[in-house]
């Protein structure tokens, strides 16, 4: 079962993926933690891990509430993030992180302050090749949108969660500090679009797509309307 929950001021896609009986993996719990927690209750599933496709605040800021709700004295839910994106959560880099929100005026700044205050404090570092425990979900490092952007790929399901690296008919943005358009294009062309054609792609914003569709219809120009 794949469940999409659209959250926060930038309509970020949070995904709930069933991994076993009454257990699930959560990808990119970005905001609106009450909505995410309510949906988990309705689905009657318990998160066993959280995976972040990158460290931008609109993808990470509901982590703490999910961890707090479902952790206990015996086990804390791990929050996995590529090691290269740890600096995005460092308070010393608040100015860099807030730059994403500044074009949206006072409302954007206010949204940033709320989300940044809720960023995860102690994620677990992962790198390319990491396999989420008890699943076949494999991490593919796809730098460009951020240094530590990843895709989470399941060969058995023929599905991949692409974060903000690739959207429906668009690439992610590369005009932020730490972004690199050349690396982003390489990640898309050499890592994502080389997956089997039937692979369904679930991006960080907007509708899902497939590798086959993006090979045929994506001009691989940077889309500056996405976060």
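The values are calculated or read from the model by the stated rules, or taken from the named source; none is laboratory data. Note that the structure is a prediction, hence the values are computed from the model and not measured. Cβ placement follows ideal geometry from the backbone for every residue including glycine, while neighbour counts extend to all protein chains displayed.
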Any residue at all in the stretch 89-110 that is more than 30 Å from residue 1 (Cα to Cα), surrounded by 15 or more Cβ atoms within 10 Å (Cβ to Cβ) and in contact with a strand residue (DSSP E or B) (Cβ under 9 Å, 6 or more places away or on another chain)?
yes
May I ask you to verify whether residue 207 is under 17 Å from residue 97 (Cα atoms) and assigned to a loop (DSSP other than H, G, I, E, B)?
no
Checking 26, 60, 51 in turn, the sole residue that is within 18 Å of residue 201 (Cβ to Cβ), buried (at least 23 other Cβ atoms within 10 Å of the Cβ) and either in contact with a strand residue (DSSP E or B) (Cβ under 6 Å, 6 or more places away or on another chain) or touching a residue at least 24 places away in the same chain (Cβ under 8 Å) (or both) turns out to be 51
Kindly provide the set of residues from the stretch 152-188 that are in contact with a helix residue (DSSP H, G or I) (Cβ under 6 Å, 6 or more places away or on another chain), surrounded by fewer than 24 Cβ atoms within 10 Å (Cβ to Cβ) and either in a strand (DSSP E or B) or touching a residue at least 60 places away in the same chain (Cβ under 8 Å) (or both), ordered by number.
177
Failed item in (1) surrounded by 16 or more Cβ atoms within 10 Å (Cβ to Cβ); (2) touching a helix residue (DSSP H, G or I) at 6+ places or on another chain (Cβ under 6 Å); (3) at pLDDT 95 or above, with residue 210 passing the rest
(2)
For the stretch 92-112, give me each residue that is outside any loop (DSSP other than H, G, I, E, B), within 20 Å of the chain's Cα centre (by Cα) and more than 21 Å from residue 14 (Cβ to Cβ).
93, 94, 96, 98
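For the stretch 189-199, give me each residue that is surrounded by 17 or more Cβ atoms within 10 Å (Cβ to Cβ) and either in contact (Cβ under 8 Å) with a residue 40 or more places away in the chain or closer than 12 Å to residue 146 by Cβ (or both).
Applying the first criterion (surrounded by 17 or more Cβ atoms within 10 Å (Cβ to Cβ)) to the stretch 189-199 yields 191-193, 195, 199.
Result: 191, 192, 195, 199.
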One residue is enough: does the stretch 214-222 have a residue meeting the conditions modelled with pLDDT under 95, in a loop (DSSP other than H, G, I, E, B), touching a helix residue (DSSP H, G or I) at 6+ places or on another chain (Cβ under 8 Å) and at positive phi?
yes
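For the stretch 76-88, what are the residues that are surrounded by fewer than 15 Cβ atoms within 10 Å (Cβ to Cβ) and not in a helix (DSSP H, G or I)?
So in the stretch 76-88, the residues surrounded by fewer than 15 Cβ atoms within 10 Å (Cβ to Cβ) come out as 76, 83.
The one that is surrounded by fewer than 15 Cβ atoms within 10 Å (Cβ to Cβ) and not in a helix (DSSP H, G or I): 76.
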Pair list, Cβ < 7 Å and 6+ apart or interchain, from the stretch 133-148 residues that are on the phi > 0 side of the Ramachandran plot to residues that are in a loop (DSSP other than H, G, I, E, B)
144/165; 144/174; 144/179; 144/180
